[in-house]
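Structure first, commentary second.
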Amino acid sequence: MIRNVFRAALVSLGLLTGPALAEEPFIVVQSTTSTQNSGLLDYILPWFEAETGIDVRVVAVGTGQAIRNAINGDGDVLLVHAKADEEQFVADGWGVERFDVMYNDFVLVGPKSDPAKVKGGSDIVAALAAVSEAEAPFASRGDDSGTHKAEMRHWKTAGVDPTGASGTWYRETGSGMGATLNVASGMDAYTLTDRATWEAFGNRGNLEVLVEGDPRLFNQYGVILVNPEKHPRVRAAAGQRFIDWLVGPDGQAAIESYQLNGQQLFFPNAN
């Protein structure tokens with residue numbers, strides 16, 4: 001990143017031409033707010049950039065939007081966490097091949113007062129049913145992200161359609177995970193979050209982790225090269241080099257070494 005600023009300064013001084021700056025290799029990665037908000041990408045990307053000279057430009061949005069952006073050709077690599085949708089993306093010809101990269105888990109956080117009485121539980125479906133029964137405030141991302149997709153699966157399993165209560169006890173933010181946690185903190189509301197973003201979140205207020213450990217809260221991430229046959233401008237060689245690094249020994253070691261508050265946040269599982 002620093003070298004880009006330095007080069008841009010040289011261009012502004014007339015010491016380096018614009019085309020020379022444009023020739024620097026880069027890729028665009030469509031990814032999720034969780035990989036960005038957690039600090040993971042800021043931690044691992046300099047390793048790849050230093051090794052390869054390829055600049056990685058990240059667009060951090062919800063998984064659903066990231067997939068739509070990739071379908072539109074607005075990226076070279078997709079790094080998200082909604083496996084069924086990722087597999088459909090490849091099956092429809094928009095992606096070349098999907099690879100597992102890493103996993104972590106989701107947790108249900110909520111106010112310490114815990115009006116739904118779910119603290120200490122490990123059954124996410126029972127917890128959501130209790131939240132609905134109590135009509136306790138719940139902040140949903142409501143943005144078709146991987147986290148939102150997971151949340152809606154659990155509501156469905158619980159036999160609850162919370163969208164019927166939208167605007168009352170159920171609030172849809174239409175925002176990323178960090179912004180939704182801010183809303184939950186301000187409302188003393190429950191919300192589902194990936195653990196990595198929660199660990200990086202500073203404005204917790206009265207919120208704490210109330211439900212964790214359910215196998216259904218498993219959160220898998222995958223990476224896919226956008227199909228250059230669909231979008232010829234895809235930087236396929238550089239994109240594939242990034243994927244090979246990410247699922248290879250160096251990338252997996254970088255992911256494993258990332259910690260926050262002494263806690264490992266992502267667990268590599270490419271192999």
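Annotation: amide H-H contacts under 5 Å for Gly95 (H modelled 1.01 Å from N, sequence separation of 5 or more, or interchain): Val90, Asn227. In sequence order, region 54-70 has phi-based couplings of 9, 7, 10, 10, 9, 10, 9, 9, x, 4, x, 5, 4, 5, 4, 4, 5 Hz under the Karplus curve 6.51 cos²θ - 1.76 cosθ + 1.60, θ = phi - 60°, and Gly or Pro positions carry x. In this structure the amide hydrogen of Leu210, modeled in the peptide plane, comes within under 5 Å of the amide hydrogens of Leu108, Val109, Gly110, none closer than 5 places in sequence on its chain. Percent of C-alpha pairs per 10 Å bin in the chain, short distances first: 7, 28, 31, 21, 10, 3, 0. Amide H contacts of Asp55: Phe26, Ile27, each under 5 Å away and 5 or more positions distant or on a separate chain (H built 1.01 Å from N in the peptide plane; Pro and chain starts excluded). Within the shell of other residues whose beta carbon sits under 15 angstrom from the beta carbon of Thr163, the net charge comes to -1, with Lys and Arg scored +1 and Asp and Glu -1. You can think of it this way: the chain between Gln259 and Asn206 has 16.7 nm of extra reach, that is 0.36 nm per residue less the Cα-Cα gap. Sequence-ordered 3J(HN,Hα) estimates for region 97-110 from the Karplus curve with 6.51, -1.76 and 1.60 and θ = phi - 60° stand at 7, 9, 10, 5, 10, 6, 9, 8, 9, 9, 9, 9, 10, x Hz, glycine and proline given as x.
The angle between the Cα long axis of helix 177-187 and the longest principal axis of the Cα atoms of the chain comes to about 30 degrees, rounded to the nearest 10.
With Cα atoms defining each centre, region 152-185 and region 244-271 are spaced 30 Å apart in the structure. Phi-derived couplings, Karplus 6.51 cos²θ - 1.76 cosθ + 1.60 at θ = phi - 60°, listed residue by residue for region 234-240: 4, 7, 5, 5, 5, x, 5 Hz, with x used for Gly and Pro.
Here, each number is a calculation from the coordinates, and none is a lab measurement. Everything numeric in this text was worked out from a predicted model, so none of it was measured. Here Cβ is always computed from backbone atoms with ideal geometry, including for glycine, and neighbour counts include all displayed protein chains.
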